[in-house]
């Protein structure tokens, strides 16, 4: 079918497409054929030199989220319009957009922590600046950061971010924790609430929650 799969080490498997082979039906057929390989791994769709249409993204999302065992984590692209479209739909696009953006109130001396593992019950990670976690935050694990927290996985433990700050955010592919603290403000969630492509940020003194879809 002209498609290639590439391992992304920490993040899973990436399907490479471009303007010469992009086709919804062919992509769906390819994913169905490779379903056993993709089951249980984080899956990213790379779209190079092809401008996506809104209906194409929506159809792909509906198909991929309904595929049992496939964990779809978003798109990568070199087309600006694709990034803008995905962001408007609340879909991660180009993981490089999750790189840290420095803000005026932050000190250049603050550290940026990178954790390349899953945090298990009893684990506690702290950072004076931003913190990137290449794994999950399991129940019983704790994360504390003076800056933002980005989790390339699921959050089921406790995250405290933006300590001493008036602005900050927490992002994760999945979120299923009972509570979260951001910039000194705490929000509690109902038991069983689940969020996909989760983002919490402080705006106008209040915590705002963004997500793609949610279920109980």
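Read-outs: derived from the displayed coordinates by stated rules, not from any lab. This is a predicted model, so every value here is computed, not measured. Cβ sites come from the backbone with ideal geometry, for glycine too, and all protein chains shown count toward neighbours.
Label-to-label distance for residue 188 and residue 89 is 3.7 nm, based on points extended 7 Å past Cα in the beta-carbon direction. In region 113-215, the DSSP beta bridges split such that about 45 percent are antiparallel, to the nearest 5. Computed packing ranks the peptides 183-194, 160-171, 140-151 as 140-151, 160-171, 183-194, most packed first, by mean other Cβ atoms within 10 Å. Counting other Cβ atoms within 10 Å as a rough exposure proxy, the listed residues 44, 114, 13 run 114, 13, 44 from fewest neighbours to most.
Here the simple spin-label model places points 7 Å from the Cα toward Cβ, and for residue 58 and residue 204 these points are separated by 2.8 nm. Look at 49, 136 and count the other Cβ atoms within 10 Å of each Cβ; fewest to most, that gives 49, 136. To one decimal place, what Kirkwood hydrodynamic radius in Å is obtained for region 163-210 from all pairs of distinct Cα atoms? This gives a value of 11.0 Å.
Sorted largest first, the spans of the alpha carbon positions of region 113-215 along the three principal axes are 33, 32, 19 Å. Across region 51-65, the residues whose backbone nitrogen lies under 17 Å from the label position 7 Å along the beta-carbon direction of residue 80 are 51-52.
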